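See structure below.
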């Protein structure tokens, strides 16, 4: 693992940093910060801890309400029965023992979705497969499914500009504050326990992100996706296994990076992945059979 306290001397990384609008730095320099800055960082850490504690309590209460409502409507008596249709991973016994807000969020979303399906009535609800939208010969969906490897929430560590991130999601949100006076927020994001926590921290402080963010975010995301594909052979294989199909982040929440609630969003993440796929093919052409085969 890279030493996070040493200066970055890699010329290509420094060039990338310059393109992205900030310069190399070392986290070791934080120890030399003025007392007022150190106090502000301490206050921010306390604020973040309080926020996540309150968020966990809110989500736990909401889950209890949703479960009670589902039991009233359909006689479902256990989380496992609901999860078998919606999100088995989030309701696995190991996951159920984890009260981190990220897991609570997944269970809350699964229960809300189950409620919507049940509200349709048996005749309409039967064919609804929860989050699952089967891939076909024209499209590949990667928000929750077989090609989840393409999601920024998937657990592929990223060496990004000399720093190590657990997910590409964390690297993306870190860039919102990199090179600014609020770089301590970026450090909190980098040390977040999950991609979801990194996202929530960035949302909590979105008023402090770099002022040119909307102008540079697509280019930054493209560089992050290229780095993810370059550093992980499995990601490259899965990406090339999609063949010529359209790649869609079927997020029902985000109509910029995904296709949004009405399935008419910009799907920018899918478009960037298709750009990276084309670049990989151009640099290392494969047979048509290899391009369309899922190598697992």
- prompt: Any chance the range 178-185 includes a residue that's in a loop (DSSP other than H, G, I, E, B), at pLDDT below 90, touching a helix residue (DSSP H, G or I) at 6+ places or on another chain (Cβ under 9 Å) and at positive phi?
  reply: yes
- prompt: How many residues are over 19 Å from residue 104 (Cβ atoms) and touching a strand residue (DSSP E or B) at 6+ places or on another chain (Cβ under 9 Å) if we restrict to the range 190-211?
  reply: 1
task: Restricting attention to the range 227-254, report how many residues are in contact with a helix residue (DSSP H, G or I) (Cβ under 6 Å, 6 or more places away or on another chain) and either under 17 Å from residue 284 (Cβ atoms) or assigned to a helix (DSSP H, G or I) (or both).
output: 8
- prompt: Would you say residue 273 is in a loop (DSSP other than H, G, I, E, B), touching a helix residue (DSSP H, G or I) at 6+ places or on another chain (Cβ under 6 Å), within 26 Å of residue 161 (Cα to Cα) and in the same structural domain as residue 175 (by TED's automatic domain parsing)?
  reply: no
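With respect to residue 260, is the statement that it is assigned by TED's automatic domain parsing to the domain that holds residue 149, touching a strand residue (DSSP E or B) at 6+ places or on another chain (Cβ under 9 Å) and over 14 Å from residue 152 (Cβ atoms) true?
For residue 260, the condition - assigned by TED's automatic domain parsing to the domain that holds residue 149, touching a strand residue (DSSP E or B) at 6+ places or on another chain (Cβ under 9 Å) and over 14 Å from residue 152 (Cβ atoms) - is not met.
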Hey, residue 192 assigned to a loop (DSSP other than H, G, I, E, B) and crowded, with 23+ Cβ neighbours inside 10 Å or not: yes
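The values are calculated or read from the model by the stated rules, or taken from the named source; none is laboratory data. Just so we're clear, the structure is a prediction, and the values are computed from it rather than from any experiment. FYI the Cβ positions are ideal-geometry reconstructions off the backbone, even for glycines, and counts take in every protein chain you see.
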